[in-house]
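Heads up, the thing below is written out as structure tokens.
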Amino acid sequence: MPSAAYTSGGAGHPHKTHQISKQLPELLIQLQSPKPMDSKILQQLQAIVGEGRVLTDADSLQNYGLDRTTVWSAAPCAVVLPGKTEEVQAIVRLAGRENLAIVPSGGRTGLSGGAVAKSGELVLALDRMNKVIDFNAVDRSLTCEAGIITQQLQEYAEEQGLFYPVDFASAGSSQIGGNIATNAGGINVIRYGMTREWVLGLKVVTGNGEILELNRGLIKNNTGYDFRHLLIGSEGTLGIICEATLRLAPPPKDPAVLVLGVSDFPAIMDVLKTYSGALTLNAFEFFSDLALEKVLAHQPLTAPFEQRTPYYALLEFEQTTPEVLDTAMALFEDCVEAGWVLDGVVSQNQTQAKNLWRLREDISETLSFSKPYKNDISVQVSQMPDFIRAVDDLASQRYPDFEVVWYGHIGDGNLHLNILKPDELSIEDFTQECSSVSTEVAELVQSFNGSVSAEHGIGLLKKPYLSYTRSETEIALMQQIKSLFDPKGILNPGKLF
Ligand code: MLT
Ligand code: ZN
């Protein structure tokens, strides 16, 4: 590979059905003013957490009442900031006595409304519970409080010579408790799996105010139902995650990033097959040229190579030996020869790798300015070309005037379909229009045996579509489980189902 051909962007250039009753989506912005907090409850909360740790000012209610969705208005009654598990327990018990709904709150980077408090709920924010409690080099695990920021956890692991592999663009502000409550996915799932794979133990407070210590850091523990896995992905509806014990991995050796320009979507699958059979892939992502165009218009980045192509694949692979890069380049030649790949670029150092990653990771933030209607859907990897064709046909029929941006995590079958709001359309009309087409997208997902929420969770936004992925019996069982963990229904009511 020619060392002279590095682009100014900073990277080397290789030579080249079953359905139950559907609720109507509750999608229009709800204009509510926050309900004032009952002064007796306020005093009791203050007695639990201390002065200054119950917030009722307008800015805090606004800030803590929303996640990154743009559909609802914040209207919590107050925000409480406990400092330890026993305080969480006392708050939950008080809320139970007073019939006060609680919205557990982490970094509020969610995209499905799971952390939205729009109906006078008490927001219980874990911000103050943000410490690493223990590290064990033999077990290669750490125990931390739920409010620690994901990136701080990753950095802590790195300081110990280890690696916490769950990663995504919002790692700088999301909290580990929220990651666990939503079973966060991200960019490394093809190699490392979702958050679930890394949780060895949880300390939670149930809706009944009991403290449960689940699995206690064990690798092997076949003693009946594993409640830890019920809590993971439960979106704050079963218990409040206060502490977690997490497994850590050895760090991948010298990861390199390759961005390939491809002619069409099926070619991406050929590239995936070629590379995943020969290299240890940490990530295999894709984005459309429109996604790239938006990122380049808003971020100080350059295109990966001169020629624009309809789609791009971004691969990260581990360089366990110096020969790995040669293998990657030889595969590139094969892909070009087969007509799947039109151009490509490979990182030569970590700065270049970071810049290439930004082309993919900055998409979400860039699009957020256009208030996109987001779909986070998955099918089996092998089904993706047929599925994307079917959704593309539907989108071009039903959204002829809207910009449709595709990107996602090809390696694990997860597609992000973002419909951008035209400037002249009100958010209400736009959301209404998108939600009617969403039912058709959900029907397609169902016909492919896919999921209406691959990684963002159901929250409020995807609630109307849950029954396209989960059966009536499953949903009824979920409700029964909820009533066991949270008999008064005070934990994140109205979310999930
Ligand atoms: C991503 O893959 O970039 C995240 O899931 C966020 C998003 O879908 O916008
Ligand atoms: Zn994603």
Going through Val324, Val295 one at a time, which residue ends up being outside any strand (DSSP E or B), more than 21 Å from Phe168 (Cα to Cα) and either more than 16 Å from ligand 2 (Cβ to nearest atom) or of a type in the set (A, V, I, L, M, F, W, C) (or both)?
Val324
So, in the range 394-408, exactly how many residues are over 13 Å from Cys434 (Cβ atoms) and away from ligand 1 (no atom under 16 Å from the Cβ)?
3
Given the conditions (1) within 16 Å of ligand 1 (Cβ to nearest atom); (2) at pLDDT 95 or above; (3) not β-branched (Val, Ile, Thr), and given that Lys374 satisfies all but one, which numbered condition is not satisfied?
(2)
Only one of (1) more than 16 Å from ligand 2 (Cβ to nearest atom); (2) touching an Asp or Glu at 6+ places or on another chain (Cβ under 8 Å) does not apply to Gly411, and that is (1)
Residue ID - nearest to Gly450 (Cα to Cα), chosen from residues in the range 373-391 that are assigned to a strand (DSSP E or B) and touching a Gly at 6+ places or on another chain (Cβ under 8 Å)
Ser378
Of all residues in the range 92-113 being open to solvent by 20 Å² or more (accessible area, probe 1.4 Å) and within 16 Å of ligand 2 (Cβ to nearest atom), the one that is nearest to Asn492 (Cα to Cα)
Gly110
Looking at the range 138-189, which of its residues are open to solvent by 50 Å² or more (accessible area, probe 1.4 Å), within 13 Å of ligand 1 (Cβ to nearest atom) and of a type in the set (Val, Ile, Thr)?
Thr182
From the residues in the range 477-497 that are in contact with a Gly (Cβ under 7 Å, 6 or more places away or on another chain) and not in a loop (DSSP other than H, G, I, E, B), which one is least open to solvent (accessible area, probe 1.4 Å)?
Leu491
List every residue pair whose Cβ atoms lie under 6 Å apart, where the two residues are 6 or more positions apart in sequence or sit on different chains, the first residue falls within the range 411-422 and is under 14 Å from Glu365 (Cα atoms) and open to solvent by less than 10 Å² (accessible area, probe 1.4 Å), and the second residue, located anywhere, is of a type in the set (Gly, Ala, Ser) and more than 12 Å from ligand 2 (Cβ to nearest atom).
Leu420/Ser370
Would you be able to tell me the number of residues in the range 128-137 that are within 18 Å of Arg53 (Cα to Cα) and open to solvent by less than 50 Å² (accessible area, probe 1.4 Å)?
1
Checking the conditions here, which among Glu440, Glu474 is under 25 Å from Val189 (Cβ atoms), open to solvent by 40 Å² or more (accessible area, probe 1.4 Å) and part of a helix (DSSP H, G or I)?
Glu474
Please indicate, with yes or no, whether at least one residue in the range 319-337 is farther than 21 Å from Met269 by Cα, open to solvent by 70 Å² or more (accessible area, probe 1.4 Å) and modelled with pLDDT under 95.
yes
Counting only residues that are of a type in the set (D, E, K, R) and crowded, with 22+ Cβ neighbours inside 10 Å, the range 190-232 contains a total of 2
Out of (1) under 23 Å from Ser436 (Cα atoms); (2) more than 16 Å from the chain's Cα centre (by Cα); (3) part of a helix (DSSP H, G or I), what's the single condition that is false for Ser370?
(3)
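The values are calculated or read from the model by the stated rules, or taken from the named source; none is laboratory data. Just so we're clear, the structure is a prediction, and the values are computed from it rather than from any experiment. No Cβ is skipped: glycine too gets one built from the backbone with ideal geometry, and neighbour counts run over all protein chains shown. The protein model used for the area step is the full one, side chains on, heavy atoms only, and it has no ligands, DNA or RNA in it. Shrake-Rupley method; radii C 1.70, N 1.55, O 1.52, S 1.80 Å.
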